[in-house]
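Working notes, beginning with the structure itself.
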Amino acid sequence: MTGTIFLTDGSDTLTIGSGTTLSGVAIMSGGTGTDTLNISSGWSGVLDDWEVINADTSNGDFALDGFTLGNRSFGKLGAGALTLYSGSTLSMGVPQGWADPLILATGEATVVGDLVVTPGQTLTFGQEYTLIEASALTGTFGDVSISGGYKTTLRYTGTSVLLRFDPDSLLALGGDSLSPNARAVAAAFDAAVDGGFDPQAFANL
């Protein structure tokens, strides 16, 4: 295959079979809609606008380099390793259900590239979301960007990358711009959260 691949509007699926040579393809774009890429061969071009990527390494390991994932999921099939190289951007939306990993690698995972997280509207504060789970994990993300202004904690273990969203202080967010009345309300709200009140219902506000 050579050239570029641009899918049109709608929900499309592109399947790249094992053994396909992609060195002549510069760009693969899913376009608008909910698009799925099933890939069984290595890739290091411009790979964007995909909502679901399924990497099947059952016929041998391969690497994906320089890719950006949409706000849905990345699936890892097969026993091979998951490798994110420098120059790659792993972009994901959370939550997709904190109980299940967003990326599950049956083999080892190596992370080196950048991480972009776009939180959804149904976050659970204090709960760790499993971004990546593998049999073993090495490396850390370089540049980490988490939108929404949330207070977060990114934690690495020997097998996982975990992200926790913590309630932030309204006093800290408001700063010197708060009026005396607003400051009193913010202080009372902060005290309630510190005392155990769940601010979940006020996440959007």
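None of the figures in this text is laboratory data; all of them are computed from the coordinates on show. Being a predicted model, the structure only gives us computed values, none of them experimental. Quick reminder, even Gly has a Cβ in these numbers, built from the backbone with ideal geometry, and neighbours come from all protein chains shown.
Values computed for the structure shown
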read-out: Cut-off under 5 Å, modelled amide H: who pairs with Thr34 long-range; value: Ser11, Asp12
read-out: Phi to ³J(HN,Hα) by Karplus 6.51 cos²θ - 1.76 cosθ + 1.60 over the stretch 41-57, Hz, x for Gly, Pro; value: 9, x, 8, 8, x, 8, 10, 8, 6, 10, 8, 9, 10, 10, 9, 9, 9
read-out: Degrees between helix 180-194 axis and first principal axis of the chain (Cα, 0 to 90, nearest 10); value: 60
read-out: Nearest-20 debye value, the stretch 93-172 charge dipole, Cβ charges on Lys, Arg, Asp, Glu; value: 120
read-out: Most mobile of Asp168, Asp56, Asp194 in a GNM of the chain (Cα contacts under 10 Å); value: Asp194
read-out: 222 nm mean residue ellipticity, helices alone, for the chain (DSSP H n ≥ 4; -39,500 (n - 2.57); rounded to 500); value: -3000 deg cm²/dmol
read-out: The chain: most fluctuating residue of Leu171, Leu14, Leu154 per GNM, C-alpha cutoff 10 Å; value: Leu171
read-out: DSSP-defined beta bridges in the chain - what % are antiparallel, rounded to 5; value: 20
read-out: Amide H contacts of Gly93 (H built 1.01 Å from N, under 5 Å, at least 5 apart or other chain); value: Arg72, Thr118
read-out: Distance (nanometres) between label positions extended 7 Å along Cα→Cβ at Leu178 and Thr2; value: 6.4
read-out: Computed FRET value (nearest 0.05) for Ala26 with Val144, which takes r as the C-beta separation and R₀ as 25 Å; value: 0.35
